[in-house]
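Sharing a structure with you now.
Values quoted throughout were computed directly from the atomic coordinates according to the rules given, and no laboratory measurement underlies them. This one's a predicted model, so the numbers in the text were calculated from it and none came from an experiment. Quick reminder, even Gly has a Cβ in these numbers, built from the backbone with ideal geometry, and neighbours come from all protein chains shown.
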Amino acid sequence: METVVRTEVILSVYIISFLIGLPANLLALYAFSVKIHSKPLPTDILLLNLTISDLLFLIILPLKMHEAASGMIWTLPKILCSFTSFTFFSTIYTSSLLLMAVSVIRYIGVAFPIIYHRLLKPVYALVISAIIWLISAAHCSIVFFTQHHPSLQSENSTVCYENFTEKQLNILLPVRLEFFFVLCLIPLLICVYCYLRCILILYSRPRITRMQKQKAIGMALGTLAVFLICVVPYNISHLLGYFQGESPKWRYYTLLFSAFNTCIDPIIFYFSSSAFHCTSEKSIFRKRGRNDSGVQRQGTSSS
């Protein structure tokens, strides 16, 4: 009975996430593509990559639906299990690293607008995005190692990347602990620091309207909420699993938050991009104005 309820819950969340997330992310993909084509900004390029990551997650979701509909028994070819698991997990970590990168760019835009203006070249955001994709892919290649290495693979397993052998756990648990610190905790702490600093700086600037402050701050808190709700729970299972010496049974439920995340991302990040872009642009404008005024005063006095 418990297994039936579990599979029904998982299948329902996957179906809802797919039906809502796919069209929402396709619209976001179009919107960010248009914005980048007209005026490429670092945050828009990073958020476009986040949208692509969500779409990759959604593309392989029907395979996870098939797995859930089959009672969590993997009836498809084993190689599909490897590619599905690799894509499934790597997009989760790609999202966390991209969220970190976006928070840093936004902090620079608010705190150091002149430096931000110098970093507007699209090549910087493209390089950052490429590095993030490589880091997440390299980490999640552990999926192929544990499933296909001759000394680790389990021939009798009927499930996909679950119910690990003792040999597999000896490799996986320490690696997952590293995942928790490097791909979750550190990006989370950086996000919290950057957005708290953004909030403090925005409230200290009287020339930014109250509505603009509230919009930017609301989007910052929304981004942090997405990180805390959709990324952290799954990674907490890595930490607890390491000390328990096993893969927690409830681990799979935490992945459902990551699936539902694909429905929330397009809404929050499209509007948050505009909110922070406005505040950064105003800061740059004021800095330029002060510099121009200083040059004019010097020119008047010298004449």
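Here are some conditions: (1) within 25 Å of residue 179 (Cβ to Cβ); (2) crowded, with 21+ Cβ neighbours inside 10 Å; (3) touching a residue at least 60 places away in the same chain (Cβ under 8 Å); (4) of a type outside the set (Phe, Trp, Tyr). Residue 44 meets all but one. Which one does it not meet?
Looking at each condition in turn, residue 44 falls short on (1).
Next question, about the same structure. Quick check on this structure: which one of 159, 123 is among the β-branched types (Val, Ile, Thr) and either closer than 23 Å to residue 53 by Cα or in contact with a strand residue (DSSP E or B) (Cβ under 6 Å, 6 or more places away or on another chain) (or both)?
Result of the check over 159, 123: 123.
Could I ask something else about it? Got a number for residues in the stretch 241-255 being part of a helix (DSSP H, G or I) and surrounded by 14 or more Cβ atoms within 10 Å (Cβ to Cβ)?
7
Could you say whether any residue in the stretch 86-99 is farther than 19 Å from residue 227 by Cβ and not basic (Lys, Arg)?
yes
Identify, by number, the condition in (1) crowded, with 17+ Cβ neighbours inside 10 Å; (2) within 19 Å of the chain's Cα centre (by Cα) that residue 59 doesn't meet.
Condition (1) is where residue 59 drops out.
Which condition from (1) surrounded by fewer than 16 Cβ atoms within 10 Å (Cβ to Cβ); (2) in contact (Cβ under 8 Å) with a residue 24 or more places away in the chain; (3) aliphatic (A, V, I, L, M) is the one that residue 231 breaks?
Of the numbered conditions (1) surrounded by fewer than 16 Cβ atoms within 10 Å (Cβ to Cβ); (2) in contact (Cβ under 8 Å) with a residue 24 or more places away in the chain; (3) aliphatic (A, V, I, L, M), the odd one out for residue 231 is (1).
Note down all Cβ pairs under 8 Å where the first residue falls in the stretch 122-147 and is over 25 Å from residue 159 (Cβ atoms), the second is surrounded by fewer than 18 Cβ atoms within 10 Å (Cβ to Cβ), and they're at least six residues apart or on different chains.
122/36; 122/40; 125/40
Conditions tested, residue by residue: (1) more than 28 Å from residue 188 (Cβ to Cβ); (2) of a type in the set (Gly, Ala, Ser).
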site: 21; (1), (2): no, yes
site: 47; (1), (2): no, no
site: 74; (1), (2): yes, no
site: 97; (1), (2): no, no
site: 102; (1), (2): no, no
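Restricting attention to the stretch 76-101, and to residues there that are of a type in the set (Val, Ile, Thr) and touching a Phe, Trp or Tyr at 6+ places or on another chain (Cβ under 8 Å), which single residue is surrounded by the most Cβ atoms within 10 Å (Cβ to Cβ)?
Ranking the qualifying residues of the stretch 76-101, first place goes to 94.
Something else now. Identify, by number, the condition in (1) in contact with a Ser or Thr (Cβ under 6 Å, 6 or more places away or on another chain); (2) part of a helix (DSSP H, G or I); (3) within 30 Å of residue 70 (Cβ to Cβ) that residue 109 doesn't meet.
(3)
Could you tell me which numbered condition residue 43 fails, if it satisfies all but one of (1) over 27 Å from residue 219 (Cβ atoms); (2) within 19 Å of the chain's Cα centre (by Cα)?
(1)
Further, regarding this structure: So which residues in the stretch 65-87 are touching a residue at least 60 places away in the same chain (Cβ under 8 Å) and under 20 Å from the mean Cα position of the chain (by Cα)?
Selection gives 84, 85.
Anything in the stretch 161-201 that is of a type in the set (Phe, Trp, Tyr) and surrounded by fewer than 16 Cβ atoms within 10 Å (Cβ to Cβ)? List them, or say none.
If the condition is that a residue be of a type in the set (Phe, Trp, Tyr) and surrounded by fewer than 16 Cβ atoms within 10 Å (Cβ to Cβ), then 181, 193 are the ones that fit.
Now, a different point. State which residue pairs qualify: first residue over 21 Å from residue 131 (Cα atoms) and in contact (Cβ under 8 Å) with a residue 24 or more places away in the chain and inside the stretch 101-119, second residue among the basic types (Lys, Arg) and in a helix (DSSP H, G or I) in any location, beta carbons under 7 Å apart, and separation of 6 or more residues or different chains.
111/197; 113/287; 114/287
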